[in-house]
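See structure below.
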Amino acid sequence: MFSEQALPPLQPLISLKHVNHWFGTGEERKHALKDISLDIYPGQLVICTGPSGSGKTTLLTMLGGLRSCQDGSLKILGEELNGASKEQLAKLRLNVGFIFQAHNLMMFLNARKNVRLSLELHDKYYESDMDLLAEEMLCKLGLGDRVDYFPANLSGGQRQRVAIARALVSRPKILLGDEPTAALDKESGRTVVNLMKELAETEKTTIIMVTHDNKILDVADRIIIVEDGRLAGKEEEEAFVSKMRDDSH
Ligand SMILES: Nc1ncnc2c1ncn2[C@@H]1O[C@H](COP(=O)(O)OP(=O)(O)OP(=O)(O)O)[C@@H](O)[C@H]1O
Ligand SMILES: [Mg+2]
């Protein structure tokens with residue numbers, strides 16, 4: 001028998017305490033995140049859902065160091081980011097992969113080079129391995145025969161898969177996805193979600209994904225709901241999850 005006390009305490013990888021965020025000033029000032037406290041642990045796959053305009057993307061970009069924390073405490077990988085310098089945020093971003101709602105591919109680079117870009121940001125990869133690693137990841141996403149294609153000649157779903165390959169290829173510690181499967185058909189959506197789950201399990205990648213797709217809720221270790229800038233409480237979370245389970249039957 002293991003006694004609970006014998007286990008080392010698990011530290012959260014991401015920890016928010018009373019985080020607030022505002023956009024704009026004066027009359028136009030919008031209170032976008034309200035008193036958010038949240039701990040996320042290594043290897044967790046967290047699904048974030050909630051109504052349009054409730055603050056999900058704002059929260060996600062803050063978790064990835066794309067915007068600074070104005071009020072409260074935001075700790076990622078043990079580092080306090082309230083008041084962080086641009087250099088600190090840039091360094092943090094090397095550990096974070098993003099998949100945005102809009103894919104943000106470089107239109108003048110083919111699929112392989114787009115994926116390779118993410119490896120070039122790191123100094124841990126050999127120049128000579130980069131093309132192969134990029135191609136392997138594109139193959140995993142079913143794009144093995146499209147590595148030389150430019151984004152203009154790919155479908156919306158294929159472009160989204162290139163963006164996903166780019167985010168996954170450097171094996172980030174944290175992976176953030178904003179509706180990563182929205183542009184995909186059911187089958188490719190499943191492939192992407194399974195790949196993410198595998199990454200969470202084998203590499204202890206922490207994944208936070210915004211989605212409205214009820215069909216993929218089953219992969220989540222935790223579901224958080226953002227409503228009007230606030231996190232819903234545990235009871236609401238549980239009620240939401242059981243309703244979704246019922247609906248999907
Ligand atoms: N750059 C910005 N300047 C001003 N207001 C903003 C900005 N970005 C977002 N907002 C406002 O903050 C609120 C939260 O926006 P956010 O994009 O986080 O919502 P969301 O939950 O991701 O919505 P959706 O599901 O539609 O993507 C919205 O009311 C939005 O209008
Ligand atoms: Mg959004």
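Summary table
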item	result
Residue list for region 108-144, restricted to those being surrounded by 18 or more Cβ atoms within 10 Å (Cβ to Cβ) and farther than 23 Å from L176 by Cα	N110
Any hit, region 88-107, residues being loosely packed, with under 13 Cβ neighbours inside 10 Å, among the basic types (K, R) and more than 16 Å from the chain's Cα centre (by Cα)	no
Leading residue by the ranking (farthest from the chain's Cα centre (by Cα)) among those in region 54-68 that are more than 6 Å from ligand 1 (Cβ to nearest atom) and not small (G, A, S)	R67
Residues being open to solvent by less than 60 Å² (accessible area, probe 1.4 Å) and among the aromatic types (F, W, Y) - total across region 145-173	0
Options K204, K186: the member that is within 15 Å of the chain's Cα centre (by Cα), under 20 Å from K140 (Cβ atoms) and open to solvent by 10 Å² or more (accessible area, probe 1.4 Å)	K204
Leading residue by the ranking (most open to solvent (accessible area, probe 1.4 Å)) among those in region 29-72 that are farther than 26 Å from E203 by Cα, part of a loop (DSSP other than H, G, I, E, B) and away from ligand 2 (no atom under 16 Å from the Cβ)	R29
Count of residues meeting criterion [closer than 19 Å to L45 by Cβ, in a loop (DSSP other than H, G, I, E, B) and within 16 Å of ligand 1 (Cβ to nearest atom)] in region 203-249	4
Count - residues of region 85-106 that are part of a loop (DSSP other than H, G, I, E, B) and either free of Cβ contacts under 8 Å to residues at least 12 places away in the same chain or in contact with a helix residue (DSSP H, G or I) (Cβ under 8 Å, 6 or more places away or on another chain) (or both)	8
Residue in region 85-93 that is basic (K, R) and over 30 Å from N20 (Cα atoms) present	no
Restricting region 73-84 to residues that are among the hydrophobic types (A, V, I, L, M, F, W, C) and not in a loop (DSSP other than H, G, I, E, B), the residue that is nearest to ligand 1 (Cβ to nearest atom)	L74
Which numbered condition L176 misses (of (1) exposed (fewer than 14 other Cβ atoms within 10 Å of the Cβ); (2) in contact (Cβ under 8 Å) with a residue 40 or more places away in the chain; (3) under 20 Å from N104 (Cβ atoms))	(1)
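The values are calculated or read from the model by the stated rules, or taken from the named source; none is laboratory data. Bear in mind the structure is a predicted one, so any value in this text is a computation, not a measurement. Positions of Cβ are backbone-derived with ideal geometry, glycine not excepted, and every protein chain shown enters the neighbour counts. For accessibility, only protein heavy atoms count, side chains too; no ligands or nucleic acids. Shrake-Rupley method; radii C 1.70, N 1.55, O 1.52, S 1.80 Å.
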